[in-house]
Amino acid sequence: MRQLILIRHAKSSWSNSDLSDFDRPLNKRGKRDLAFMSGLLSQKNISPELIISSPALRTKLTAIEFANKIGYNKNEIIWNKNLYLASYMKILKIIKQIENKINCAIIVGHNPGLTDLQNYLCNEEIDNIPTSGIVSMSTIKEWKDVESKDFELVFFEFPKKYLKKI
């Protein structure tokens, strides 16, 4: 069984208009939601063997926080520039290259690519993966063979689902 977890970066700041999109940091809400959601994933006892992230600052900060909370060595995160604002087909190409020995992989990236990918791969569609949202899916297929509707939804978590708790 393969488990694929998609994580959309936490909410970013637009306060400095001089920064490029790539270099935008997290805002206050993003930091709060990230702390909560990474803790929530930690409670699910997820043990990925691989984390691949877009190298944009907001995704880097998100990936590092999740890695720290779930006990994954942040120095082993793969920063893949092809994930920056990638279409679902670009992300799928990256997934198909994952080694078969990996049973659980996390992709940290951007919308609309992540939501489109989830809807392509999974039998249950989602309107939108919000910032700090987490989607977990599973399949019996090998990574190189995954195609449309090969995954079953395991869980979909997002901050507003727990808004009163955070």
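Of all the listed residues (L121, L163, L85), the sole one being under 24 Å from E65 (Cα atoms) and touching a residue at least 24 places away in the same chain (Cβ under 8 Å) is L85.
Are any of the residues in region 68-81 without any contact (Cβ under 8 Å) to a residue 60 or more places away in the chain and under 12 Å from the mean Cα position of the chain (by Cα)? Steps first, answer last, please.
From region 68-81, those without any contact (Cβ under 8 Å) to a residue 60 or more places away in the chain are 68-81; that's our starting set.
Filter once more, so that each one left must be under 12 Å from the mean Cα position of the chain (by Cα): none.
For region 68-81, residues without any contact (Cβ under 8 Å) to a residue 60 or more places away in the chain and under 12 Å from the mean Cα position of the chain (by Cα): absent.
Taking region 133-149 as the range and being of a type outside the set (G, A, S) and either at positive phi or open to solvent by less than 40 Å² (accessible area, probe 1.4 Å) (or both) as the test, the residues that pass are I134, V135, M137, T139, W143, V146, K149.
The values are calculated or read from the model by the stated rules, or taken from the named source; none is laboratory data. None of these values were measured; they are calculated from a predicted model. Quick reminder, even Gly has a Cβ in these numbers, built from the backbone with ideal geometry, and neighbours come from all protein chains shown. Accessible surface is based on the protein model in full, side chains and every heavy atom, while ligands, DNA and RNA are left aside. Shrake-Rupley method; radii C 1.70, N 1.55, O 1.52, S 1.80 Å.
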